[in-house]
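Colleague: To start, I am sharing the structure in question, which I have written as structure tokens.
Laboratory data are not the source of any read-out in this text; all were calculated from the coordinates shown. Everything numeric in this text was worked out from a predicted model, so none of it was measured. Neighbour counts run over all protein chains shown; Cβ positions are idealised from the backbone, glycine included.
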Amino acid sequence: MTTRRDFLTQTTAAGIWALNAGTSSGGSKAAHAGVVQTVLGPLDASKLGFTLTHEHICRSSLNVFGDRANAVAKAVDKLKEARDAGVETVVDVTPFDVERDIRFGEEISRKSGMQIVACTGQHFFAPASFNERTVEEITETFIREIEQGIEDTDIKAGVIKVAARSGTMTPAEEKVFRAAARASKATGIPVQTHTNSSERGGEAQAAIFEAEGLNPARVSLGHSNDTDDMDYLTDLARRGYTLGMDHAFWGLDPGATLPWQRRVECIKQLVDAGFVERLFLSNDWVLGDVERDKVNPDGLLYTTRKTIPYLKQIGVSQRDIRAIKVENPKRFFSRSCGGGDGQGRKARRDQGR
Ligand SMILES: [Zn+2]
């Protein structure tokens, strides 16, 4: 998402970060493989069902909706619509510096019946002073939100979201990506990224993850259908990365260079090339983004109303569509074996070197 930051939000974000930046105590509870943390608690991964993997709904956007009750009502409406269309889980990739409001997420999940997975991590809107933090400090904060809770709740993150603006990583972004890799290895929680695919940004991200020894199977590179460069996409899929094909409707934007149909056709090409297990579907919809809703009135439903019907029309099988919308998220968001259970503490000790 590309919402402009304002001073108030940055101040709030800084406050939240300061709250979280205390020492992480370790002492993690056992991490259960096959379990996904949602805003309403742990869920067996087999119950995720049809999952939209990259959306922004855990934000109260009070400036748009007037008051919180109104924001809750609007969000619950949208989520119920999506449930009626068959969506069972939404992964929310809104970290602290893009107006995350975890209690809002908990409330709208409870009232709509939509399962929501929340994230820790960092977008690129954090105050500049954050760039002075060490990789170890950032890692600690991510692990804290995974093992203890987000903001001052016990609601735990089920995914780590990190973002880089371009094809080249800034030093600050590189630290955040290294921290994501270390937190993922320590806890078994997967990583999702914001990627500038038109600049082949996934390559620089992959280089950092691989230098940190993170298994590519634990990483999804978001916004991968902002490009139709099949050499770039197939290379990353072959290396084991999951490609977030979450920008179909972004092709409706007047400034977009790739039309939405082309963005969906890339999914078919990847399926045909044997990479059905390396794909996610989503919208990168932003609750309260009024301008965006004018471009795409279908919002969160674009996947079910446009993307999936078009995939069927161009010959992607029902079975492959099910793999992308159900089986891939089930495998990816399950907490992996080898993380947690005290290994987080060991990893944190090792980072002290
Ligand atoms: Zn996003």
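Colleague: What distance in nm separates the two pseudo spin-label positions at residue 131 and residue 217, each 7 Å out from Cα along the beta-carbon direction?
Modeller: Between residue 131 and residue 217, the simple spin-label model gives 3.8 nm.
Colleague: Which of the pairs 111/161; 268/294; 47/306; 74/268 have their Cα atoms more than 32 Å apart in this structure?
Modeller: 74/268
Colleague: Put +1 on the Cβ of every Lys and Arg and -1 on every Asp and Glu Cβ in the chain; which of 220, 195, 230 then has its Cα farthest towards the positive end of the dipole?
Modeller: Of the options given, the answer is 220.
Colleague: Sticking with this one: Among 161, 306, 330, which one shows the highest mean-square fluctuation when the chain is modelled as a Gaussian network with alpha-carbon springs under 10 Å?
Modeller: Looking only at 161, 306, 330, the largest GNM fluctuation is found for 306.
Colleague: Grab the Cα-Cα distance for residue 231 and residue 269, subtract it from 0.36 nm times how many residues apart they are, and report the gain in nm with one decimal.
Modeller: Roughly 12.5 nm would be gained on extension.
Colleague: Under the rule that an exposed site lies in a DSSP loop and has at most 16 other Cβ atoms within 10 Å, name the longest stretch of the chain with no GluC sites (Glu not before Pro) of that kind, not counting the sites themselves.
Modeller: Here the longest segment lacking exposed loop sites spans 1-150.
Colleague: Now for a separate question. Please give the direction-averaged projected area of the C-alpha convex hull for the chain, in square nanometres with one decimal.
Modeller: 15.5
Colleague: Next question. Can you work out ³J(HN,Hα) from phi for every residue in the stretch 184-190, in order, using Karplus 6.51 cos²θ - 1.76 cosθ + 1.60 and θ = phi - 60°, giving whole Hz and x for Gly and Pro?
Modeller: For the stretch 184-190, the Karplus-derived couplings read 5, 5, 6, 10, x, 8, x Hz, x marking Gly and Pro.
Colleague: While we're here: Given charges of +1 on the Cβ of Lys and Arg and -1 on the Cβ of Asp and Glu, with all other atoms neutral, how large is the dipole of the chain about its Cα centre, in debye to the nearest 20?
Modeller: Dipole about the Cα centre, nearest 20: 780 debye.
Colleague: Which one of 335, 165, 182 has the biggest mean-square fluctuation once the chain is modelled by GNM with Cα springs under 10 Å?
Modeller: For the chain, modelled as a Gaussian network with Cα springs under 10 Å, the answer is 165.
Colleague: Residue by residue through the stretch 165-176, what is 3J(HN,Hα) from phi via Karplus (6.51 cos²θ - 1.76 cosθ + 1.60, θ = phi - 60°)? Round to whole Hz and write x for glycine and proline.
Modeller: Here the 3J(HN,Hα) series is 6, 9, x, 10, 7, 6, x, 5, 5, 4, 4, 5 Hz.
Colleague: Then there's this: On the first, second and third principal axes, largest extent first, how far apart are the outermost C-alpha atoms of the stretch 45-147 in Å?
Modeller: 45, 38, 19
Colleague: Also: Label point 7 Å out from residue 165 along Cα-to-Cβ: which residues of the stretch 120-146 have amide N under 19 Å?
Modeller: Once the point is set 7 Å along Cα→Cβ of residue 165, 122-133 turn out to lie under 19 Å by backbone N, inside the stretch 120-146.
Colleague: Which values of log₁₀ I(q)/I(0), to two decimal places, follow from the Debye formula for the stretch 123-188 at q = 0.18, 0.20 Å⁻¹ with a uniform point scatterer at every Cα?
Modeller: Log-scaled intensity ratios, in q order: -0.66, -0.80.
Colleague: On to the next question. Cut-off 10 angstrom, C-alpha nodes, Gaussian network model of the chain. Which of 36, 72, 64 fluctuates the most?
Modeller: In the Gaussian network model the winner is 64.
Colleague: Determine the sum of side-chain charges near residue 120: Lys and Arg each +1, Asp and Glu each -1, restricted to other residues whose C-beta is under 9 angstrom from that of residue 120.
Modeller: Taking every Cβ under 9 Å from that of residue 120, the sum is +2.
Colleague: So what is the relative contact order for the chain, in percent, with contacts set as C-alpha pairs under 8 Å and at least six apart?
Modeller: 22 percent.
Colleague: Next up: Excluding residue 40 itself, what net charge comes from residues whose Cβ is under 10 Å from its Cβ, given Lys and Arg +1 and Asp and Glu -1?
Modeller: Around residue 40, the surrounding residues sum to 0.
Colleague: A further question follows. What does the convex hull of the Cα atoms come to per residue for the stretch 190-324, in Å³?
Modeller: Measuring per residue, one finds 104 Å³ for the Cα hull of the stretch 190-324.
Colleague: At what distance in angstrom do the alpha carbon centres of the stretch 306-326 and the stretch 75-121 lie from each other?
Modeller: 24
Colleague: Give the Cα extents of the stretch 173-254 along the principal axes, in whole Å, largest first.
Modeller: So the extents along the principal axes, rounded to whole Å, are 41, 22, 19.
Colleague: Could you work out Rg/(2.2 N^0.38 Å) for the stretch 122-232, with Rg from alpha carbons only?
Modeller: With N residues counted in the stretch 122-232, Rg over 2.2 N^0.38 Å equals 1.04.
Colleague: Give the long-range amide H neighbours of residue 279: residues separated by 5 or more places, or on another chain, with amide H under 5 Å away, using H modelled in the peptide plane at 1.01 Å from N.
Modeller: 243
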